[in-house]
Amino acid sequence: MQIFFTHSTAVIDEGAVIGNGTSIWHFSHLMKDCRIGNNCTIGQNVFIAANVVLGNNVKVQNNVSLYDGVVCEDDVFLGPSCVFTNVINPRSAVVRKNEFKKTVIKKGATIGANATIICGIIVNEFAFVGAGAVVTKSIPAYAIVTGNPAKQTGWISEHGMKLKFNDNGIAVCSKTADTYQLQNNTVTKL
């Protein structure tokens, strides 16, 4: 038996799958065939389309719309009013439902408030998209991107601390003491 919280104003369509411990707040709408993991938080005024997949412990803040083709892995944070698209060239008079592009937000990644994610890209593990950024291409794991269009401005730890690499390509998280290596523009946790 699934046990989750739904505010009385939320609309959950028949066929939506919702994991244990998840909370769905005011005026949100979850369409049929979406899949929401365990211990997720769906904020106020969130729309989740059919076939959207959220892993476990995903936090979706207020006023976010997730359209068909969006997949968020475990521990993803979606900031208030961030925007996802699913068609590159939408037109009101042209039906392009067969052209939806998949967008994947990998484990532990953060999408900042008011950021826009253009469809068909991957935001890799633990990447951090700054508030208001417009992401038009895939982002490496542990990268920080900001601006319009989004450009990489640094690297970040799994704990959310900016990484400063020494001449040997080694950085230590200031909060956890975890060690990271930068090699060939790729960061790995050691």
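The values are calculated or read from the model by the stated rules, or taken from the named source; none is laboratory data. The structure presented is a predicted model; accordingly, all values stated were derived computationally and were not measured. Cβ coordinates were reconstructed from backbone atoms using ideal geometry, including for glycine residues, and neighbour counts include every protein chain displayed.
Consider SER138 against the criteria (1) in contact (Cβ under 8 Å) with a residue 40 or more places away in the chain; (2) within 27 Å of THR85 (Cβ to Cβ): it satisfies all of them except one. Which criterion is unmet?
Answer for SER138: the failing condition is (1).
Please work out if GLY69 is at pLDDT 95 or above, out of contact with any helix residue (DSSP H, G or I) (no Cβ under 8 Å at 6 or more places or on another chain) and either of a type outside the set (Lys, Arg) or surrounded by 17 or more Cβ atoms within 10 Å (Cβ to Cβ) (or both).
No.
Given (1) over 18 Å from the mean Cα position of the chain (by Cα); (2) in contact (Cβ under 8 Å) with a residue 40 or more places away in the chain, identify the lone condition not met by GLY79.
(1)
Taking the conditions exactly as written (modelled with pLDDT of 95 or more, surrounded by fewer than 19 Cβ atoms within 10 Å (Cβ to Cβ) and within 14 Å of the chain's Cα centre (by Cα)), does VAL46 satisfy them or not?
No; evaluated as a whole, the condition is false for this residue.
Of all residues being of a type in the set (A, V, I, L, M) and surrounded by fewer than 22 Cβ atoms within 10 Å (Cβ to Cβ) in region 121-134, which is nearest to THR186 (Cα to Cα)? Just the residue, please.
ILE122
Is there a residue being at pLDDT 95 or above, among the hydroxyl-bearing types (Ser, Thr, Tyr) and surrounded by fewer than 18 Cβ atoms within 10 Å (Cβ to Cβ) anywhere in region 103-120?
The answer is no; no qualifying residue exists.
Condition check ((1) closer than 26 Å to ASN124 by Cα; (2) assigned to a loop (DSSP other than H, G, I, E, B)) across all residues:
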{"residue": "GLY15", "(1), (2)": "no, yes"}
{"residue": "ASP33", "(1), (2)": "yes, yes"}
{"residue": "ASN38", "(1), (2)": "yes, yes"}
{"residue": "ASN45", "(1), (2)": "no, yes"}
{"residue": "ALA50", "(1), (2)": "yes, yes"}
{"residue": "ASN57", "(1), (2)": "yes, yes"}
{"residue": "ASN62", "(1), (2)": "yes, yes"}
{"residue": "ASP68", "(1), (2)": "yes, yes"}
{"residue": "VAL71", "(1), (2)": "yes, no"}
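Could you run through region 17-31 and say how many residues are polar (S, T, N, Q), in a loop (DSSP other than H, G, I, E, B) and farther than 14 Å from SER65 by Cα?
The total comes to 2.
Name the residue that is surrounded by the most Cβ atoms within 10 Å (Cβ to Cβ), counting only residues in region 73-85 that are part of a loop (DSSP other than H, G, I, E, B) and in contact with a strand residue (DSSP E or B) (Cβ under 8 Å, 6 or more places away or on another chain).
Restricting to residues being part of a loop (DSSP other than H, G, I, E, B) and in contact with a strand residue (DSSP E or B) (Cβ under 8 Å, 6 or more places away or on another chain), the top hit is CYS82.
Which one is nearest to ILE36 (Cα to Cα), of the residues in region 3-13 that are outside any loop (DSSP other than H, G, I, E, B) and at pLDDT 95 or above?
Applying the filter and picking the extreme gives ILE12.
Output the number of the condition that CYS40 fails; it satisfies all remaining conditions of (1) within 13 Å of the chain's Cα centre (by Cα); (2) over 22 Å from THR103 (Cα atoms); (3) of a type outside the set (Val, Ile, Thr).
So CYS40 meets the others, but not (2).
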